[in-house]
Amino acid sequence: MSVELENKLKEVEAYIDSLGLEEKDKVTKRSYLIHVLHKAQEIIGYLPIEVQKIIAKKLDVHASDVYGVVTFYNFFSMKPKGKYPINVCLGTACYVRGSGDILEEFKKQLGIKENETTEDGMFSIHAVRCVGACGLAPVVMIGDEVHGRLTTKDVKKLIKEYKEKDNN
């Protein structure tokens, strides 16, 4: 484990300790799980198994329960995301307008699969079910920016745009 990750783990532990849960009952501690997972991911950027185990111990819940929550909710990630996470909407409106093809084009252009990150750490690709912008279908979110009415021809241009943004 890297020194940086160890320091971030200590920060997560300190955060949990600051909640004052030591004297709380098991049900109350468990009620903080999603909140703590959000904070841990904010601090570390993702939720590796080591982090999940610490959270489980601190909140007095089984590690498999923590893992179940992490893998159930799309927001949580067990792998580091790229600097520019690409979320391709595969909801009905987007899918019928070609988002599946757009997802495949991103994978092809970046040379990675879903839920993977490029070697340089710039991009990661994720399929999501809905981003709430159905009127702009098909939609891709890169970071916090929404890109709508896309075609496969837009993929190369978007990747180039974000690479240039990173160089400036």
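The values are calculated or read from the model by the stated rules, or taken from the named source; none is laboratory data. In this text the structure is predicted, and so the values were computed from the model without any measurement. Neighbour counts run over all protein chains shown; Cβ positions are idealised from the backbone, glycine included. Accessible surface is based on the protein model in full, side chains and every heavy atom, while ligands, DNA and RNA are left aside. Shrake-Rupley method; radii C 1.70, N 1.55, O 1.52, S 1.80 Å.
Taking residues in region 82-99 that are among the hydrophobic types (A, V, I, L, M, F, W, C), and partners anywhere that are open to solvent by 30 Å² or more (accessible area, probe 1.4 Å), the pairs with Cβ atoms closer than 7 Å and at least 6 places apart or on different chains are Cys89/Cys130; Cys89/Val131; Leu90/Arg129; Ala93/Cys134. Selection within region 11-29: residues that are surrounded by 14 or more Cβ atoms within 10 Å (Cβ to Cβ) and under 21 Å from Ser64 (Cβ atoms). The member of this set that is farthest from the chain's Cα centre (by Cα) is Leu21.
Here are Val70, Val96: which of them is buried (at least 20 other Cβ atoms within 10 Å of the Cβ) and either modelled with pLDDT under 95 or of a type in the set (Val, Ile, Thr) (or both)? Before the answer, list the steps.
On the way: Val96 fails: buried (at least 20 other Cβ atoms within 10 Å of the Cβ).
Testing whether each residue is buried (at least 20 other Cβ atoms within 10 Å of the Cβ) and either modelled with pLDDT under 95 or of a type in the set (Val, Ile, Thr) (or both) leaves just Val70.
The test for being buried (at least 19 other Cβ atoms within 10 Å of the Cβ) and either over 24 Å from Asp120 (Cβ atoms) or modelled with pLDDT under 95 (or both) does not hold for Lys8.
Sort through Leu59, Leu47, Leu37 and tell me the only one that's crowded, with 19+ Cβ neighbours inside 10 Å and either more than 18 Å from the chain's Cα centre (by Cα) or of a type in the set (Gly, Ala, Ser) (or both). Quick ask: steps written out before the conclusion?
Numbers: Leu47 fails: either more than 18 Å from the chain's Cα centre (by Cα) or of a type in the set (Gly, Ala, Ser) (or both); Leu37 fails: either more than 18 Å from the chain's Cα centre (by Cα) or of a type in the set (Gly, Ala, Ser) (or both).
Only one candidate qualifies: Leu59.
Only a single item in (1) within 24 Å of Glu119 (Cβ to Cβ); (2) crowded, with 18+ Cβ neighbours inside 10 Å is not met by Pro80, and it is number (2).
For region 101-123, the candidate set comprises residues that are free of Cβ contacts under 8 Å to residues at least 24 places away in the same chain and touching a helix residue (DSSP H, G or I) at 6+ places or on another chain (Cβ under 9 Å); within that set, the residue that is nearest to Ile55 (Cα to Cα) is Glu114.
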